[in-house]
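One structure below.
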Amino acid sequence: MRVCILYRMIPRGFSGRELEILGLYARGLTTKEISGKLHISCGIVLSHVNHASRKLGVSRRVDAIRICLQRHLIHR
């Protein structure tokens, strides 16, 4: 399962990895599942989400996912 990221639309300052992780959350994966799939620690997964959320000006992961879905930056 690959997450579709529209790189041409990535806002300045975002990384592809941040959007990839948000996309995996949007598909219903847990932090632990994302960690295993990407071969990174749960702490790194959460760090990417926190950075992306901060860049979007929100404090909750669900809000960051919603914004990215609305802007078509990630897909389910």
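Across the range 30-69, how large is the tail of the calculated P(r) beyond 17 Å, expressed as a percent of all Cα pairs?
32
Once you have the Cα-Cα distance between LYS32 and ILE44, take 0.36 nm times their residue separation minus that, and quote the gain in nm to one decimal.
3.2 nm
Rule-based calculations on the coordinates, nothing more; no lab input. These numbers were taken from a predicted model, which means no experiment stands behind them.
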